[in-house]
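Let me begin by presenting the structure, written as structure tokens, before commenting on it.
Each reported figure results from applying straightforward, stated rules to the coordinates on display, with no laboratory input. As the structure is a computational prediction, the values presented were derived from the model and not from experiment. Neighbour counts are summed over all protein chains in view; Cβ atoms, including those assigned to glycine, are modelled from backbone coordinates with ideal geometry.
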Amino acid sequence: MTTKIVALVDALGCLIRFVLLPGQRHDMVGVEPLIDNVQFDALLADKAFDADWLRAELDERGASAVIPPKANRKHQFAYDMEMYRWRHLVENYFAKIKEFRGIATRYDKTESSYAANFNLVAAIIAAR
């Protein structure tokens with residue numbers, strides 16, 4: 001049993017929301033619930049999140065998409081490379097999460113208990 005965690009963090013690297021997905025699902029499935037009813041000026045994401053519908057959604061909201069285009073795109077989009085460097089905050093958050101062995105190796109059998117423990121770990125990290 002594998003699980004993917006798709007997370008949304010703020011500019012300081014603090015968790016805003018997360019979505020658990022089955023390991024075989026693509027990360028894009030979890031984006032819409034993450035950004036629903038959340039205000040932001042820019043979304044920093046990696047190439048896996050380069051989709052026309054997401055770019056259109058962000059454009060509608062007035063937010064900028066700081067997402068490098070996939071190599072197979074016919075039209076390559078420009079993105080702010082300086083701002084993209086701040087995406088490491090998401091990776092840093094996952095590094096903090098991996099300090100907790102039960103979360104990193106998914107000891108919990110059910111999705112609800114795994115999500116509860118993830119919330120607990122997020123609260124511990126926020127309290128540091």
For this session: Calculate one ³J(HN,Hα) per residue across the stretch 79-95 by plugging θ = phi - 60° into the Karplus curve 6.51 cos²θ - 1.76 cosθ + 1.60, and present them in order as whole Hz with x for glycine and proline.
Result: 9, 7, 5, 5, 5, 4, 4, 7, 5, 4, 4, 5, 4, 5, 5, 5, 5
Exercise. What order do you get for 91-97, 3-9 when each peptide is scored by the mean count of other beta carbon atoms within 10 Å, highest first?
Worked result: 3-9, 91-97
Exercise. Dipole size in debye (nearest 20) for the chain around its Cα centre, Lys and Arg Cβ +1, Asp and Glu Cβ -1?
Worked result: 560
Seminar exercise, completed: Correct semi-axes for the chain, from √(5λ) of the alpha-carbon gyration tensor and rounded to whole Å with the largest first, are 27, 16, 13
Exercise. Based on the Cα gyration tensor of the stretch 61-128, what are the three equivalent ellipsoid semi-axes, each the root of five times an eigenvalue, rounded to whole Å and given largest first?
Worked result: 33, 15, 12
Exercise. So what's the net charge close to A42: Lys and Arg +1, Asp and Glu -1, counting the other residues with Cβ under 11 Å from its Cβ?
Worked result: 0
For this session: Enumerate the calculated ³J(HN,Hα) couplings along the stretch 122-128 in order (Karplus 6.51 cos²θ - 1.76 cosθ + 1.60, θ = phi - 60°), each rounded to whole Hz, writing x wherever the residue is Gly or Pro.
Result: 4, 5, 5, 5, 5, 7, 5
Exercise. Given the Cα-Cα distance of V29 and K109 and 0.36 nm per residue of separation, how much length would full extension add, in nm?
Worked result: 26.6 nm
Seminar exercise, completed: Once the in-chain neighbours fewer than 8 apart are removed, the lysines whose Cα is under 29 Å from K70 read K4, K47, K96, K98
For this session: Search the structure for amide H atoms under 5 Å from the amide H of T3, placed 1.01 Å from N in the peptide plane, and list their residues when 5 or more places away or on another chain.
Result: G23
Problem set entry | Under 20 Å from the E60 label point (7 Å along Cα→beta-carbon), backbone N, the stretch 16-48 | 28-45
Seminar exercise, completed: Counting only DSSP beta bridges fully inside the stretch 3-127, the antiparallel percentage to nearest 5 is 70
Exercise. If you average the sequence gap of Cα pairs under 8 Å that are 6 or more apart and divide by the length of the chain, what percent do you get for the contact order?
Worked result: 20
